[in-house]
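As structure tokens, the structure follows; a few thoughts come after it.
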Amino acid sequence: MRVAILSRNSNLYSTRRLVEAGQQRGHTVDVIDTLHCYMDITTSQPTVRYMGKALPHYDAVIPRIGASITFYGTAVVRQFEMMGTFCLNESVAISRARDKLRSLQLLSRKGVGLPRTGFASKPDDVKDLIKNVGGAPLVIKLLEGTQGIGVVLADTNKAAESIIEAFMGLRANILVQEFIAEAGGADIRCFVVGGKVVAAMKRQGAEGEFRSNLHRGGSAQLTRLSKDERATAVNAAKIMGLNVCGVDILQSSRGPVVMEVNSSPGLEGIESATKKDVASMIFEFIEESAQPHKTRTKGKG
Ligand code: ADP
Ligand code: MG
């Protein structure tokens, strides 16, 4: 097969591993810089152009769309969909996952366990917002944050109030969330491929840190999932309509709760913690699934 990886940087670990795994399995793999794709969206014969030429026919596209280019990136993926190319994750599902609020609303509608979460845009009644999610301790999150930056723990209602007001004053979009203290600064990353959890790791925050992000000094280890955790991850992926994703779960006293679903999960952490060849598993799934016009909207919303 001929496969394109949409990625801004061919030197990234995840991109390199996907190229390597695809080539090992006998495929031709091209890395295409998403932002350098351009297209005529009105023609009856949709194509994607790149470096002055129409791109060749691809049997499959692997979108690795970074958070900063979601808008343009999903438009490029959509163009491939219009050409009938199998896209590992479809554009609608990627957009859906990027919006934390929309994701939580969709998951909540389907009864997936979630931390109690509030959202507001105007500082009209911050006290009620805090009360509504159960009061301090609370986690306050910037909607656009990644790598743990913009995730703050407020120990008291007073602190929560000040932080929320400060963020609102900056016109930042925030989530206010119940703090799952019993998770003990750890979370579980479940890597889902084609409706199965193919690898899972437990990430533990550094001493005295409630955030488990590896970028914040956390460490990762292979973990065995409970039946409930596995089912939660698979269900979340299905609801989001993502063939490949990372589902982050907190172990709460009332069972697994989903924190976020990542549509371009990194391979480095999960492959080194679990010693599994996740890149090859992704290609196995592509080999089974890539047939012309197979990509379609699976979820709703
Ligand atoms: P980011 O997108 O920046 O990674 P997350 O929502 O994943 O933001 O939060 C970063 C980390 O903070 C998580 O990996 C988790 O360890 C911790 N965390 C986030 N939300 C909660 C919560 N509600 N209760 C307990 N810990 C949390
Ligand atoms: Mg996270």
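In table form, for the structure just shown:
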| read-out | value |
| --- | --- |
| Cut-off under 5 Å, modelled amide H: who pairs with residue 113 long-range | 258 |
| Whole-percent carbon and sulfur share, accessible surface of the stretch 2-96, 1.4 Å | 52 |
| Within the stretch 135-178, backbone nitrogen closer than 11 Å to the virtual label 7 Å beyond the Cα of residue 128 toward Cβ | none |
| Residues of type lysines that residue 110 reaches as a straight line, Cα spacing below 22 Å, ignoring anything fewer than 8 places off in the same chain | 100, 196, 227, 238, 298, 300 |
| From phi via Karplus (6.51, -1.76, 1.60), per-residue ³J(HN,Hα) for the stretch 23-38 in Hz, x at Gly/Pro | 5, 4, 8, x, 9, 8, 10, 10, 9, 10, 6, 3, 6, 8, 7, 9 |
| Length added when fully stretched, residue 181-residue 227, from 0.36 nm per residue minus Cα-Cα | 14.3 nm |
| Cα gyration tensor, the stretch 117-179 - rounded (a/c under 1.5), prolate or oblate | oblate |
| Heavy-atom surface of the chain, accessible at 1.4 Å and reported per residue (Å²) | 48 |
| Overall form of the stretch 1-102 per C-alpha gyration tensor (a/c, 1.5; a/b vs b/c) | oblate |
| Solvent exposure ordering (accessible area, 1.4 Å, most first) of 209, 90, 284 | 284, 209, 90 |
| Gained length - residue 68 relative to residue 1, 0.36 nm times residue gap less alpha-carbon distance | 21.1 nm |
| Residue 110 paired with residue 215, simple spin-label distance in nm, labels 7 Å along Cα-to-beta-carbon | 2.7 |
| Charge context of residue 250, other residues only, Cβ under 9 angstrom, K/R +1, D/E -1 | -3 |
| Dmax and Rg, reported as Rg then Dmax, of the stretch 182-288 (C-alpha, Å) | 13.2, 45 |
| Antiparallel content of DSSP bridges confined to the stretch 2-96, in %, to 5 | 25 |
| Largest to smallest principal axis extent of the C-alpha atoms in the stretch 1-54, angstrom | 37, 22, 15 |
| Straight-distance crosslink candidates among aspartates and glutamates, where the alpha carbon sits under 17 Å from residue 53 and sequence neighbours closer than 8 are dropped | 30, 33, 40 |
| Which of 178, 207, 229 is most accessible, then next, and so on - probe 1.4 Å | 207, 178, 229 |
| Separation of the residue 43 and residue 102 label points, Cα + 7 Å toward Cβ, nm | 2.9 |
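The values are calculated or read from the model by the stated rules, or taken from the named source; none is laboratory data. Quick caveat, the model's predicted, so the values are computed rather than measured. Cβ coordinates were reconstructed from backbone atoms using ideal geometry, including for glycine residues, and neighbour counts include every protein chain displayed. The area values use the complete protein model at the heavy-atom level, side chains included, leaving out ligands, DNA and RNA. Shrake-Rupley method; radii C 1.70, N 1.55, O 1.52, S 1.80 Å.
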